[in-house]
Amino acid sequence: MPSVLDSLNVGLHQAFDADERVYLLGEDLLDPYGGAFKVSRGLSSAYPGRVWTTPISEAGMVGIAVGMALRGLRPVVEIMFGDFITLAADQIINHAAKFRWMYNDQVSLPLVIRTPMGGRRGYGPTHSQTLEKLFLGVPGLQVLAPAAFAAPDGGSGPGELLAQAILGGQEPLLFVENKLQYLLPVHTPASLPEFSFAIEGTPAAPIFRLAVQGAPAPQVTIAAYGYMAELARQAILKLAYEHEIFAELVIFTRLVPLEDQVLCAALRQTGRLLTVEEGALSAGWGAEVLARAASALGLHLKACGRLAARDLPVPASGPLENAVLPSIQDIMQAVRRLVA
Amino acid sequence: MSQTAHNELYLALCRIRRFEEAVLEKFSSGIFFGTTHTSLGQEANAVGVLSCLQAGDVVFSNHRCHGHFLAYGGDLRALFAELMGRATGVCGGRGGSQHLHWCNFYSNGVQGGIVPIATGMALAEKQLQSERQSASVVVAFLGDGTLGEGVVYESLNMAALWGAPILFVVENNRIAQTTPTQLALAGDLSARFEAFGIPALALESSDVLEIRTAAAALLDQVRAEARPRALILNTWRFGPHSKGDDTRPPDLVAQIKDQHDPLFIHGQRLEPAARAAIETQVQEEVTAAFQQAAADPFPIL
């Protein structure tokens with residue numbers, strides 16, 4: 001099984017091969033280094049004129065990519081650590097996300113900004129954050145997060161999601177990767193015999209639904225994305241085996257615009273929702289999902305909860321970091337509370 | 001230069017002047033939304049630089065963009081309509097005074113951020129040169145106040161490193177909103193470009209011909225070498241930053257208008273009858289454009 005990292009790398013190569021208007025800008029991209037997390041390895045050798053290694057200038061490189069996109073290219077920007085995206089916030093919010101609408105739909109702006117978020121590597125408060133919630137409420141900006149899952153043929157996997165975003169997009173898009181997710185295998189139905197596995201949504205924004213194979217009807221629906229979806233997958237297996245509590249998992253790959261129909265259909269069966277994310281709790285993704293679900297379901301939503309990182313910076317020390325970020329045990333405990 | 005060419009330049013200067021005067025004059029009537037930043041006194045910069053453009057060239061302007069838009073060839077009625085929030089506006093009323101896009105003209109109202117974007121546009125034009133079969137260049141307009149934004153220097157660095165065919169035009173009107181340049185700008189303005197290996201030419205002029213000659217030479221270099229250049233235009237703002245916020249002493253403003261009026265300077269080169277005819281023509285155009293825009297419908301969402 002390829003890893004998420006391999007899949008994303010293949011997706012980038014596919015996009016470069018398919019369209020010569022695709023360019024990549026970012027720091028330390030050149031081979032043999034190939035970017036700090038190696039997602040971009042091999043690209044500068046295969047497409048030397050289209051991979052531009054930049055100075056340490058996140059705002060500048062995103063702005064340059066915005067200009068390239070407005071004039072007919074399909075640039076991709078790699079921000080080395082997700083934490084650094086704040087340096088480009090003005091470009092993303094006041095420029096890229098605005099142009100198409102404020103210019104009365106006279107322009108398209110096919111731009112993908114990729115960046116790894118997430119902790120659990122001891123990098124400390126400024127290299128471990130999960131900041132995408134800051135960009136969830138920006139009209140004109142899509143936000144995608146690949147899942148470590150795919151159809152039997154690899155479809156809907158991380159690489160395909162990325163390649164489609166690069167080749168098919170017409171507006172700016174933030175593509176949120178995760179440092180620990182890079183190392184995960186991309187699971188397919190064949191590699192997960194303990195789970196029933198469905199792919200819904202659309203090819204541009206697949207939604208994966210997982211439940212324990214042969215289990216009774218689920219009592220709780222968990223909504224998650226990114227690396228937390230993997231922890232939630234492990235949690236629902238343990239809940240079934242150790243506690244005979246049955247949960248299903250709805251995994252989003254597009255956070256904005258949020259497609260809530262698949263989730264709401266699931267909630268009409270279970271009536272209980274737990275959202276799980278690695279970002280800090282307050283004003284996070286889960287708050288939006290929960291508000292949507294409550295609006296759609298009203299009294300059919302019997303119980304709900306949000307699990308997220310504590311409202312603290314992410315510490316460097318391992319035990320402290322584990323205490324701040326949500327774990328498999330935290331997910332199990334939150335689900336048990338919902339069904340109690 | 002022929003008398004016809006002189007007349008054309010004067011017509012372009014006059015159009016900006018009368019448009020901006022009409023905007024300020026009518027603002028208190030409540031017909032325009034939001035705010036506005038007029039380029040009164042700076043008309044020669046817009047006309048001098050943009051009269052050198054070739055087909056396919058790209059312009060990125062800033063909050064003070066009306067003059068650039070009109071000098072680029074933009075329509076008076078569409079610009080009035082945009083300020084009035086009408087469906088017939090340049091951007092259908094979505095953008096307003098600072099947010100224009102038409103053909104290869106763009107503007108945005110946040111300081112500094114347009115500079116990397118214009119640089120990226122220039123790099124895209126260079127990459128697509130063979131496909132487009134033209135060597136298009138980009139003109140980016142900055143104010144002196146914009147030089148306080150850090151992203152400007154990230155952009156200059158990459159523009160020089162990667163050979164962006166772009167002309168950075170700094171309109172130094174010596175005051176950023178209400179802050180005089182000497183309170184905001186350390187060191188030498190040209191040196192900020194030269195530090196990145198970008199040759200900079202500074203002019204102390206409100207003469208459209210002088211500005212045009214300098215811009216034409218620099219644009220030729222940008223086009224031929226695919227390298228950035230900078231043109232520093234030391235200029236004078238006649239009006240307030242936006243509407244009623246001019247903190248300069250009135251007698252100083254009067255003195256500025258008396259000594260540095262681009263219309264007066266260039267108008268002396270025209271036959272008096274031709275000059276009067278142009279002024280009458282522009283007055284009629286502006287009045288008609290205003291009335292048409294005022295009768296245009298509002299957009300619906």
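Where a number appears in this text, it was derived from the coordinates with a stated rule and is not lab data. Computed from a predicted structure; not experimentally measured. All Cβ positions, even for glycine, are placed from backbone atoms using ideal geometry, and neighbour counts span all protein chains on display.
Descriptive notes on the structure:
- Average beta carbon contacts from partner chains per residue of A:65-78, 10 Å cutoff: 6
- Loop-resident sites, the range A:1-88, for GluC sites (Glu not before Pro), counting at most 15 other Cβ within 10 Å (DSSP): A:GLU20
- Between the C-alpha center of the range A:304-318 and that of the range A:125-148 there is a gap of 16 Å.
- Gain upon complete extension [B:GLN291, B:THR4; 0.36 nm per residue less C-alpha separation]: 100.4 nm
- FRET efficiency for the pair B:ALA216 and B:ALA191, taken as 1/(1 + (r/R0)^6) with r the Cβ-Cβ distance and R0 = 35 Å, rounds to 0.90.
- Assuming charge only on the beta carbon of Lys and Arg (+1) and of Asp and Glu (-1), the dipole of the protein assembly as shown about its Cα centre is about 1060 debye to the nearest 20.
- Dipole of the range B:220-279 [Lys/Arg +1, Asp/Glu -1 at C-beta], most positive-end residue of B:ALA230, B:PRO272, B:SER242: B:ALA230
- Residues of the range A:127-151 with amide N under 16 Å of the 7 Å Cα→Cβ point at A:TRP101: A:135-143
- For the range A:235-340, applying the loop criterion from DSSP together with a ceiling of 12 other beta carbons within 10 Å to the GluC sites (Glu not before Pro) yields A:GLU244.
- Each Cα pair under 8 Å and six or more residues apart adds its sequence gap; the mean of these over the residue count of the range A:95-246 is a relative contact order of 23 percent.
- Only lysines eight or more places from A:LYS38 in sequence, or on another chain, were considered; those with a Cα closer than 17 Å are A:LYS179.
- At q = 0.06 Å⁻¹, base-10 log of I(q)/I(0) for the protein assembly as shown (Debye sum, equal scatterers on each alpha carbon): -0.40
- Euclidean distance of C-alpha centroids, the range A:238-296 and the range A:77-110, integer Å: 28
- Peptide A:98-107, shielding by other chains (average Cβ, 10 Å cutoff): 6
- FRET efficiency, 1/(1 + (r/R0)^6) with R0 30 Å, evaluated for A:HIS243 and A:ALA323 via beta carbons: 0.85
- Inter-chain Cβ neighbour average for residues B:57-64, partner chain, 10 Å: 1
- Unsatisfied cross-links (Cα-Cα over 30 Å) in the set A:LYS98/B:LYS257; A:LYS98/B:LYS126; A:LYS133/B:LYS126: A:LYS98/B:LYS257; A:LYS133/B:LYS126
- Chain A - percent relative contact order, Cα under 8 Å, separation 6 or more: 16
- Hydrodynamic radius (Kirkwood) for the range B:3-295, which is based on Cα pairs only, to one decimal in Å: 19.2
- When +1 charges are put on Lys and Arg Cβ atoms and -1 charges on Asp and Glu Cβ atoms, the dipole computed for the range B:3-295 relative to its Cα centre reaches about 440 debye.
- Spin-label model, B:GLN177 to A:ALA204: label points 7 Å out along the Cα-to-beta-carbon direction sit 3.9 nm apart.
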